[in-house]
Amino acid sequence: MNIVVLVKQVPDTWSERKLRAEDSTLDRDAADAVINELDDYAIEEGLRLQEALGGEVTIVSMGPDKAADAIRKALSMGADKAVHVSDDALRGSDGLVTSAVLAKVLERTAFDVVILGSESTDARMGTLAAMLSERLGVPQMSFASKVETDGSKISIHRQADYGYDTVEATLPAVVSVVEKINEPRYPSFKGIMAAKKKPVEKLTLADLGIDPGEAGLGASATEVVSFANRPPRAAGTIVTDEGDGGAKAAEYLASRKFI
Amino acid sequence: MAEILVLAEHDGQTVKKVTTELLTLARAHGEPSVVWTGEGAEAARARLAEFGAAKVYVADSADYEDFVVAPKAELLAHLIAEKSPAAVLLAATSEGREVAGRLAVKTGSGVLTDVTGVGDGLTGEQSIFGGAITVQSRVRTGTPVIAVRPNAVTPEAASGAAEIEPVSFTVTDDAKTARVTGKVVAERGERPELTEASIVVSGGRGLGSGEHFSLIEQLADSLGAAVGASRAATDAGWYPHQFQVGQTGKTVSPQLYMAIGISGAIQHRAGMQTSKTIMVVNKDPEAPIFELADFGVVGDLFKVVPQLVEEIAKRSEA
């Protein structure tokens, strides 16, 4: 099976995340950079499919040079090789551009399944799987909390507010995963060492035949008009329980007409 | 007047609350036309009229339920081409965002997701990075596709004609590649759905076990609230994943959010920080969640919560 896993490097949620004043783009240098949390689950699922059905796991990532760290981490979990799309002209790209670039990469890579996290922690749009499915013309198997495939048919549990739907399709397909799907493995020391030697193909927009004018902030279909640090919430009332904490809480709820 | 398409969220029988929120928003920017997929439009008419729908485009086909997302995107793209609306509003549910994404690609339009309000010039307000930054964004290419966070807008009634107009549109085979073969509904009983509820009571690590979540359920039921859980609680298997509030779970924006035994790590805050009122119970006075609290009790939740439940019961009998 040709398994492709998409990976994104994002600013660490636990760091202070900022937008650049000049152009409102995400300041990717301001915070520590980590692999997107849900991508670990996507990589794990790719590795499990490989263990069950054989084949190769290829990591694909679009990001600045330092995204190489996230790619190495994915390789150290056990993926075989990677493709890293990196180009200054891509800075500030929106979802439409990102999906168009990744679709181009996927079109030149034979794949049976593309697996990605359902959402990134920085942009949090949750739309990439749907956009890729639309661009590639393959089934959208998103929000998967369980995946089963025999190499030609695929079925998932698609997580929903009420529980889940069972969804079926034939491969090739795009699959996005939610946290519930598995427990990602930790890279072993051996895996970390081996990752250093695994091939990473670096591509620029020119390699993909994409005009720089169609990428980056200038090509974005949306724009930030303004942004501001959220004013801190007015300090609330904090009481210490002295045997009456529950009663005081009830008083507060009553004063706010919740009860 | 500019037409604004509103994709209705419904279950075939009931119009979901978020649809009334979208109608309220749409009315501020044009004339709302609801897009209703599948059955139930006639029965829903009155409710849609109550919130100002001028028209209801009905596409009554099982395809919209039987296949994942793509048919709805196709239908909306068709309506954009036919009606040239000023914008399309959808609910920022998992599915709604995906419909928005596909629609954006189909029509070459910009998409804004998870907006908490829409202002002049169809500028969308978004709260990002766990609430640290508020952003005003707009679409500058194509027909703005805007997905709105449920529960962020207060619905206001205003009467509309809600004139039903059947849409003759056939979903293409291209949109029918991911087939829904079944639906498994998890036990939720009578409690409201997490992203719709006006009150959410969430439990975290402080509860110590899955059994103790019955305390959260008790408090929730005394308030007619939905139950939520922190990542720590769902990871530990104390409560099912679909109730997780936070960065990798649900984002909620209720009138009242009660965080019980939750420390308030930023990944949790990312899921609830636009809640209107936040109440906290935690034995650790240094817990970051207190920074968000409008009212907080530093104390043992196993003492405070039962007392609170008792007080609520007393007041409802009074």
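The values are calculated or read from the model by the stated rules, or taken from the named source; none is laboratory data. The shown structure was predicted, so the numbers you read here are calculated from the model rather than taken from an experiment. Note that we place each Cβ from the backbone using ideal geometry, even for glycine, and neighbour counts take in every protein chain shown.
All but one of (1) surrounded by 15 or more Cβ atoms within 10 Å (Cβ to Cβ); (2) closer than 30 Å to residue A:151 by Cβ; (3) free of Cβ contacts under 8 Å to residues at least 24 places away in the same chain hold for residue A:79; state the number of the condition that does not hold.
(3)
Scan the range A:192-239 for residues that are basic (Lys, Arg) and in a loop (DSSP other than H, G, I, E, B) and jot them down.
Within the range A:192-239, A:196, A:197, A:198, A:230, A:233 meet the criteria.
I'd like the residue in the range B:103-116 that is more than 9 Å from chain A (Cβ to nearest Cβ) and without any contact (Cβ under 8 Å) to a residue 40 or more places away in the chain and, out of all such residues, is surrounded by the fewest Cβ atoms within 10 Å (Cβ to Cβ).
Among them, the one singled out is B:107.
Yes or no: residue A:18 free of Cβ contacts under 8 Å to residues at least 60 places away in the same chain and either closer than 23 Å to residue B:139 by Cα or among the hydroxyl-bearing types (Ser, Thr, Tyr) (or both)?
yes
Kindly indicate the residue of the range B:48-90 that is among the aliphatic types (A, V, I, L, M) and within 11 Å of chain A (Cβ to nearest Cβ) and also farthest from the chain's Cα centre (by Cα) among those meeting that condition.
Ranking the qualifying residues of the range B:48-90, first place goes to B:77.
Take the residues in the range A:139-197 that are within 13 Å of chain B (Cβ to nearest Cβ) and aromatic (Phe, Trp, Tyr); name whichever of them is farthest from residue B:185 (Cα to Cα).
A:143
Looking only at the range A:4-22, which residues are in contact with a helix residue (DSSP H, G or I) (Cβ under 7 Å, 6 or more places away or on another chain), at pLDDT 90 or above and in a loop (DSSP other than H, G, I, E, B)?
Answer for the range A:4-22, where residues must be in contact with a helix residue (DSSP H, G or I) (Cβ under 7 Å, 6 or more places away or on another chain), at pLDDT 90 or above and in a loop (DSSP other than H, G, I, E, B): A:7, A:8.
May I ask you to verify whether residue A:61 is touching a residue at least 12 places away in the same chain (Cβ under 8 Å), touching a helix residue (DSSP H, G or I) at 6+ places or on another chain (Cβ under 7 Å), within 13 Å of chain B (Cβ to nearest Cβ) and buried (at least 24 other Cβ atoms within 10 Å of the Cβ)?
No.
For residue A:244, work out the one condition from (1) farther than 24 Å from residue B:286 by Cβ; (2) surrounded by 12 or more Cβ atoms within 10 Å (Cβ to Cβ); (3) more than 7 Å from chain B (Cβ to nearest Cβ) it doesn't fulfil.
(1)
Before we move on, is residue B:122 of a type outside the set (S, T, N, Q), surrounded by 24 or more Cβ atoms within 10 Å (Cβ to Cβ) and under 22 Å from the mean Cα position of the chain (by Cα)?
For residue B:122, the condition - of a type outside the set (S, T, N, Q), surrounded by 24 or more Cβ atoms within 10 Å (Cβ to Cβ) and under 22 Å from the mean Cα position of the chain (by Cα) - is not met.
Restricting to the range A:14-39, name every residue that is over 25 Å from residue A:207 (Cβ atoms), of a type in the set (Asp, Glu) and in contact with a strand residue (DSSP E or B) (Cβ under 8 Å, 6 or more places away or on another chain).
A:27, A:32, A:37
With the range B:226-318 as the region, which helices (runs of 4 or more DSSP H) entirely inside it contain at least 2 residues that are charged (D, E, K, R) and at the interface with another protein chain (Cβ under 8 Å from one of its Cβ atoms)?
Filter on the range B:226-318 gives B:301-317.
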